Amino acid sequence: MLSALARLSSIIHAMIGRVAQVSSACMLLLCAGCSGYFTRSIPATGGAEQEATRRVVFHVVDAEGKRIDWSAFRQLEENGPGGYRNDALLDPATLMLTRTEPLFSSNGMGDGDPSLTLPRSASSLSLAWPASDGYSNLIIALPENGGTYDFNELAAAQVLDDIRVSLLQRPWYHPGPRFVGLQRTAKTDYARRRYAQSLDAGVRAEMTLLAQAGVAYARAHPNAEAWGATFDTIKGGIAGLKVEANLYPKDGWLRICFDPGVKPGYYAAEISHARALGLRVVGQITDSSEMRRISIGAFERRTREYVGALPDVDEWETGNEVNRNWLGSTSSVVTKTLFASKYVKEHTHARVLVTLYWELGTGRAANAIFNWAQTNMTSIAPYVDDIGISLYPRQNPMGEPFDRVVSALHAAFPQQRIMITELDYDAGRGWWWGSQDSIARGRVAVAAAYQSAIMGYAYSGGGTFWWYFVEEVMPDDALYRTLKSVYTKVHVGKAAALHRLP
């Protein structure tokens with residue numbers, strides 16, 4: 001067994017990225033309780049050979065205690081034929097990806113156990129994993145030494161620690177009965193060594209906490225955040241604009257994707273009508289799907305033309321999903337995004353937005369969100385006001401570690417607001433959230449979870465700029481009512497909430 005000091009050191013390393021934002025008083029509380037979880041239920045066997053290989057073998061069971069072997073484990077991670085391999089090793093402080101696909105079978109066959117070889121430095125395992133509400137991309141602190149470990153115990157302990165840190169960072173949060181019940185269940189099941197059940201309840205508790213706290217924080221800070229929708233077409237005219245204006249009568253933002261080969265004058269009337277309805281406007285110079293097709297020179301000409309012709313745009317999105325692998329060479333993406341960001345700042349008073357795509361383990365390490373940002377955003381960031389997240393949970397689940405991800409982005413970009421600037425839940429292959437069977441119900445669950453959660457930070461710029469708003473959000477349908485419900489919860493009773501928050 002690890003000593004208490006070793007366990008404490010491991011968890012401090014794993015949590016350092018999030019702890020950086022906790023006050024010194026909260027830091028003392030955090031350190032005092034770090035060894036409350038993260039104990040081994042199956043002691044490491046030790047031995048010179050194991051220490052040399054630093055191999056970790058995971059013992060995995062389902063809620064009924066039935067063993068899950070390597071083949072079944074991989075099926076769960078990948079949502080059967082729906083998803084992809086996305087397991088990865090991360091730096092626990094920065095969440096930068098250090099290795100893709102570290103997991104393998106302990107015996108090289110389907111009936112083995114999930115295993116990995118520990119790196120020489122502190123590390124976390126990231127992978128998609130299901131709970132009752134859907135798939136999260138869990139981020140689990142790894143032990144310091146090789147041996148056999150209970151996977152569910154490590155995962156449940158991590159989630160319980162995430163909840164504890166989330167609460168420490170939100171002393172103003174008054175938990176609702178749903179969160180209280182789920183947290184109690186997660187703790188009770190953990191104490192009874194019902195780790196699979198504890199993990200499930202813990203994931204739901206954390207998501208409930210983030211949603212409730214997001215609404216509470218936004219109530220107490222009026223006019224601090226945007227409520228946005230994306231129009232990938234303006235063919236709906238004024239009628240389409242009124243749908244968003246009625247949905248968000250105050251603090252509404254319209255994000256327009258400017259199509260290739262179209263002159264900026266085509267959008268002038270739409271922008272004028274939007275502003276007359278009280279909406280502010282984000283203009284996307286070029287969508288990620290078009291970035292590869294446009295040369296650097298043509299992109300610079302397009303930037304000058306659009307920025308000069310549309311002075312009423314309030315914010316320019318100078319780079320969209322810049323870390324994706326289909327935008328062309330990284331150097332060309334950086335050159336284009338830097339030029340546009342600098343040009344907007346030098347020639348207008350508009351804000352500048354750069355959107356990163358949430359990807360962690362499904363592609364190359366260089367395209368993972370934190371790796372790309374750390375490597376390529378240094379020259380661009382001084383001209384940027386807002387960092388956006390493009391989030392498609394069906395293609396790349398997030399879920400439970402949302403708070404860690406947003407906090408890590410803030411640590412990487414302390415001068416910028418953090419936002420969700422593209423959100424959708426599309427049909428086709430992928431993981432699920434909210435419903436295994438219904439895309440429509442999944443969209444409702446995704447909208448409710450992330451629209452609420454993103455509002456709960458002092459450095460948040462809001463969101464969520466639903467991507468197919470024109471096609472998928474109809475007046476009074478379930479998705480519209482869900483978005484309206486979150487907006488109404490925030491805007492009704494703000495004054496009553498003011499005394500409860502700093």
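The values are calculated or read from the model by the stated rules, or taken from the named source; none is laboratory data. Keep in mind the model is a prediction, meaning the values are calculated, not measured. FYI the Cβ positions are ideal-geometry reconstructions off the backbone, even for glycines, and counts take in every protein chain you see.
Observations, loosely collected:
- Scan of the stretch 176-193 for residues that are buried (at least 16 other Cβ atoms within 10 Å of the Cβ) and under 11 Å from E206 (Cα atoms), ordered by number: F179, L182, Q183, A186
- Selection within the stretch 80-100: residues that are over 19 Å from the mean Cα position of the chain (by Cα) and assigned to a loop (DSSP other than H, G, I, E, B). The member of this set that is surrounded by the most Cβ atoms within 10 Å (Cβ to Cβ) is G82.
- The stretch 110-151 - residue that is among the aromatic types (F, W, Y) and part of a strand (DSSP E or B) and, of those, surrounded by the fewest Cβ atoms within 10 Å (Cβ to Cβ): Y149
- Here R293 does not qualify as part of a helix (DSSP H, G or I) and either out of contact with any Ser or Thr (no Cβ under 8 Å at 6 or more places or on another chain) or modelled with pLDDT under 95 (or both).
- Within the stretch 201-228, the only residue that satisfies the criterion of being in a helix (DSSP H, G or I) and touching a strand residue (DSSP E or B) at 6+ places or on another chain (Cβ under 6 Å) is V203.
- Candidate set: the stretch 401-428, residues that are acidic (D, E) and in contact with an Asp or Glu (Cβ under 8 Å, 6 or more places away or on another chain); chosen: the one nearest to L199 (Cα to Cα): D403
- Residue count for the stretch 52-75, restricted to those that are in a loop (DSSP other than H, G, I, E, B) and of a type outside the set (D, E, K, R): 4
- L409 passes every criterion in (1) under 20 Å from the mean Cα position of the chain (by Cα); (2) in a loop (DSSP other than H, G, I, E, B); (3) of a type in the set (A, V, I, L, M, F, W, C) apart from (2).
- Qualifying residue in the stretch 289-310 (condition: farther than 23 Å from V333 by Cα and surrounded by fewer than 18 Cβ atoms within 10 Å (Cβ to Cβ)): yes
- Here the condition is being part of a loop (DSSP other than H, G, I, E, B), modelled with pLDDT of 95 or more and not hydrophobic (A, V, I, L, M, F, W, C); of T286, T355, it holds for T286 alone.
- Residue in the stretch 330-345 that is touching a strand residue (DSSP E or B) at 6+ places or on another chain (Cβ under 9 Å), within 24 Å of W467 (Cα to Cα) and not in a helix (DSSP H, G or I) present: no
Here is a yes/no grid of residues against (1) at pLDDT 95 or above; (2) out of contact with any His (no Cβ under 6 Å at 6 or more places or on another chain); (3) farther than 13 Å from E359 by Cα; (4) surrounded by fewer than 24 Cβ atoms within 10 Å (Cβ to Cβ):
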residue: T378; (1), (2), (3), (4): yes, yes, yes, yes
residue: I387; (1), (2), (3), (4): yes, yes, yes, no
residue: L391; (1), (2), (3), (4): yes, yes, no, no
residue: E400; (1), (2), (3), (4): yes, yes, yes, no
residue: D403; (1), (2), (3), (4): yes, yes, yes, yes
residue: P414; (1), (2), (3), (4): yes, yes, yes, yes
residue: A427; (1), (2), (3), (4): no, yes, yes, yes
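- When restricted to residues that are crowded, with 20+ Cβ neighbours inside 10 Å and either under 30 Å from H410 (Cβ atoms) or of a type in the set (D, E, K, R) (or both), the stretch 50-78 contains 1.
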